[in-house]
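Asks: There's a structure below that I have some questions on.
The values are calculated or read from the model by the stated rules, or taken from the named source; none is laboratory data. None of these values were measured; they are calculated from a predicted model. Here the Cβ positions follow ideal geometry from the backbone for every residue, glycine too, while neighbour counts run over all protein chains shown. What goes into the accessible areas is simple: the full protein's heavy atoms, side chains included, and nothing from ligands, DNA or RNA. Shrake-Rupley method; radii C 1.70, N 1.55, O 1.52, S 1.80 Å.
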Amino acid sequence: MLRETDRHFKFDWLTIILFFLLVGFGWVNILSASHSGDAIELFNFSHSYSKQLIFIGLSVVLIIFILSLEAKFYERFSSIFYLISIVSLVGLFIFGKNINGATSWYAIGSMTLQPSEFAKTATALAVAKYLSDLNTDIKSFSDQLKLFGIIVLPALLILLQKDAGSTLVYSAFFFVLYREGLPQIYLVIAVLIVLLSISALKFGLIITLLVTAFIVLTHHFTRKKRPSFFQPLMVILISGALAFTVRFIYQNFLPIHQKDRITIWLSLEKDPVKLKQMKQTIAYNLNESEKAISNGGFAGKGFLQGTRTTGNFVPEQHTDYIFTTVGEEWGFIGSTLTVILFVLLIVRVIILAERQKNQFSRMYGYAVASILFIHFNINIGMVMGLIPTIGIPLPFFSYGGSGLWGFTILLFIFIKLDSNRINEW
């Protein structure tokens with residue numbers, strides 16, 4: 001028979017250790033990125049690395065508080081958390097502070113708080129709660145619409161604040177819905193829309209439409225049981241309308257900085273001289289990021305020895321571009337170990353999610369893994385030039401209290417839910 005302490009404190013220590021390894025190594029790199037060559041002053045809170053120490057200390061307080069609450073508390077009040085997050089996002093339109101073109105922060109004295117970092121956790125809880133309801137049928141179109149509404153509402157509010165990076169994170173929830181039984185057609189349609197959009201921008205409307213028509217008609221005429229010709233015709237017409245809409249929005253409505261980033265990423269500028277000039281000016285962050293990573297070589301320059309890091313060549317290096325510090329000072333070895341730590345954490349969360357005995361905990365666990373996966377892939381893909389530049393932090397690494405606290409809450413709620421697994425019979 002289990003003792004009371006076993007029932008309430010059976011936490012997954014491997015996940016907790018991975019968390020502290022990432023946070024600790026992240027702080028070391030924030031120190032490097034914000035160090036200007038002077039003596040290190042841990043208690044001079046004008047420095048980013050000193051402020052991050054405070055954020056880490058408060059994260060420990062958050063962890064203790066989260067783990068001390070009853071596991072059922074998070075399921076019981078998930079709707080309240082979601083409502084509070086929506087109100088906090090709406091409030092930004094009235095009381096929000098504009099930083100770098102995005103109205104995503106509340107100013108509290110000399111500090112700022114970004115509610116979108118906490119809205120991800122609230123949305124994950126709300127989605128898990130709705131999915132685990134006995135009256136919810138993921139196969140029902142009306143329930144699918146409600147689930148999409150839960151996900152799209154905060155994403156839309158964040159998008160209206162001109163924070164496209166945080167908006168993109170909400171695509172992670174479709175992996176959760178797919179795991180729970182969402183028809184595969186939604187995932188197929190999503191992938192096809194992305195490919196069609198890229199093709200429309202890269203190759204133009206006519207080529208995109210011709211290729212689409214060829215693929216659709218070939219599929220139609222090679223099927224043994226062919227439906228009416230109306231079906232492939234509608235697919236071609238809808239694809240053409242979507243391709244036209246994507247190009248129209250890109251040319252007329254997309255903010256100039258986002259348009260330039262896509263132009264550089266897809267090499268849409270036909271004049272090679274102009275394209276090179278754009279890469280040197282608009283893509284300055286990316287160019288310096290790639291130089292810093294390549295400068296690290298195999299073993300890296302060493303702690304506080306990165307010339308491009310100490311020279312402040314990479315803007316925002318202690319926040320969105322923190323991985324460039326890893327690449328320069330710790331080289332290929334350090335970068336690989338960092339990737340391995342993230343992969344281990346994500347895989348561990350998935351394994352724990354599969355072990356859950358109730359649907360709420362399982363779906364929330366998959367939401368945690370999916371959100372971490374999206375952040376991790378987009379951030380590292382961005383600093384290496386594999387995807388367009390998108391302002392999105394690297395979990396547990398990037399400087400900032402809101403980001404660190406948001407990811408801490410996200411992960412440790414699941415750790416608490418998992419610790420209660422033995423009681424879920």
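Asks: Do you know which of the residues in the range 372-396 that are outside any helix (DSSP H, G or I) and among the small types (Gly, Ala, Ser) is nearest to the chain's Cα centre (by Cα)?
Replies: Gly391
Asks: Also, I was wondering about something else. Every residue in the range 292-307 that is without any contact (Cβ under 8 Å) to a residue 40 or more places away in the chain and either surrounded by 16 or more Cβ atoms within 10 Å (Cβ to Cβ) or under 17 Å from Ser398 (Cα atoms) (or both), please.
Replies: Passing the criteria: Ala292, Asn295, Gly296, Gly300, Lys301.
Asks: Further question on the same structure: Which residues, counting only those in the range 74-85, are in a helix (DSSP H, G or I) and either in contact with a Leu (Cβ under 8 Å, 6 or more places away or on another chain) or open to solvent by 60 Å² or more (accessible area, probe 1.4 Å) (or both)?
Replies: Passing the criteria: Tyr74, Glu75, Arg76, Ser78, Ser79, Ile80, Phe81, Tyr82, Leu83, Ile84.
Asks: Tell me, which residue of the range 397-422 that is in a helix (DSSP H, G or I) and either in contact with a strand residue (DSSP E or B) (Cβ under 6 Å, 6 or more places away or on another chain) or among the polar types (S, T, N, Q) (or both) is nearest to Ser116 (Cα to Cα)?
Replies: So the residue we want is Ser402.
Asks: Can you find, within the range 308-326, the residue that is farthest from Gly385 (Cα to Cα) among those that are open to solvent by 20 Å² or more (accessible area, probe 1.4 Å) and outside any helix (DSSP H, G or I)?
Replies: If we take residues in the range 308-326 being open to solvent by 20 Å² or more (accessible area, probe 1.4 Å) and outside any helix (DSSP H, G or I), then Gly311 is farthest from Gly385 (Cα to Cα).
Asks: For the condition in a loop (DSSP other than H, G, I, E, B) and at pLDDT 85 or above, what is the one hit in Leu182, Leu192?
Replies: The unique qualifying residue is Leu182.
Asks: Looking at Ser239, Ser228, Ser335 in this structure, which one is open to solvent by less than 80 Å² (accessible area, probe 1.4 Å) and either in contact with a Gly (Cβ under 8 Å, 6 or more places away or on another chain) or basic (Lys, Arg) (or both)?
Replies: So the residue among Ser239, Ser228, Ser335 that is open to solvent by less than 80 Å² (accessible area, probe 1.4 Å) and either in contact with a Gly (Cβ under 8 Å, 6 or more places away or on another chain) or basic (Lys, Arg) (or both) is Ser335.
Asks: Let me ask you something else. Looking at the range 211-224, is at least one residue modelled with pLDDT of 85 or more and closer than 30 Å to Met384 by Cα?
Replies: There is no residue in the range 211-224 that is modelled with pLDDT of 85 or more and closer than 30 Å to Met384 by Cα.
Asks: Find all pairs meeting these conditions: Cβ atoms under 7 angstrom apart; at least six residues apart or on different chains; first residue within the range 40-53 and basic (Lys, Arg); second residue in a loop (DSSP other than H, G, I, E, B).
Replies: Lys51/Phe45
Asks: Could you list all residues from the range 130-142 that are in contact (Cβ under 8 Å) with a residue 40 or more places away in the chain, part of a helix (DSSP H, G or I) and open to solvent by 10 Å² or more (accessible area, probe 1.4 Å)?
Replies: Going residue by residue through the range 130-142, those that are in contact (Cβ under 8 Å) with a residue 40 or more places away in the chain are 131-132, 138-139.
Still in the running and part of a helix (DSSP H, G or I): 131-132.
Once the filter is applied, which keeps residues that are in contact (Cβ under 8 Å) with a residue 40 or more places away in the chain, part of a helix (DSSP H, G or I) and open to solvent by 10 Å² or more (accessible area, probe 1.4 Å), the range 130-142 yields only Ser132.
Asks: Kindly indicate which of Gly327, Gly296, Gly300, Gly334 is on the phi > 0 side of the Ramachandran plot, at pLDDT 80 or above and small (Gly, Ala, Ser).
Replies: The match here is Gly300.
Asks: May I pose another question? Only one of (1) under 26 Å from Phe11 (Cβ atoms); (2) modelled with pLDDT of 95 or more fails for Ile86. Which number is that?
Replies: Against the list (1) under 26 Å from Phe11 (Cβ atoms); (2) modelled with pLDDT of 95 or more, Ile86 comes up short only on (1).
Asks: Which condition number in (1) in contact (Cβ under 8 Å) with a residue 40 or more places away in the chain; (2) among the aromatic types (Phe, Trp, Tyr); (3) open to solvent by 10 Å² or more (accessible area, probe 1.4 Å); (4) under 27 Å from Leu53 (Cα atoms) is the one that Phe376 fails?
Replies: Result: Phe376 fails condition (1) only.
Asks: Does Ile238 meet the test of being closer than 16 Å to Leu205 by Cβ, at pLDDT 80 or above and over 26 Å from the mean Cα position of the chain (by Cα)?
Replies: Working: closer than 16 Å to Leu205 by Cβ: yes; at pLDDT 80 or above: yes; over 26 Å from the mean Cα position of the chain (by Cα): yes.
Yes, satisfied.
Asks: Give the residues of the range 158-171 that are over 10 Å from Ala102 (Cβ atoms), open to solvent by 20 Å² or more (accessible area, probe 1.4 Å) and in contact (Cβ under 8 Å) with a residue 40 or more places away in the chain, sorted by residue number.
Replies: The answer is Leu160, Leu168, Ser171.
Asks: Between a residue in the range 16-30 that is over 12 Å from Val326 (Cβ atoms) and any residue that is in a helix (DSSP H, G or I) and polar (S, T, N, Q), which pairs come within a Cβ distance under 8 Å, given they are 6 or more apart or on different chains?
Replies: Note: pairs meeting the criteria are Phe19/Thr408; Val23/Ser59; Trp27/Gln52.
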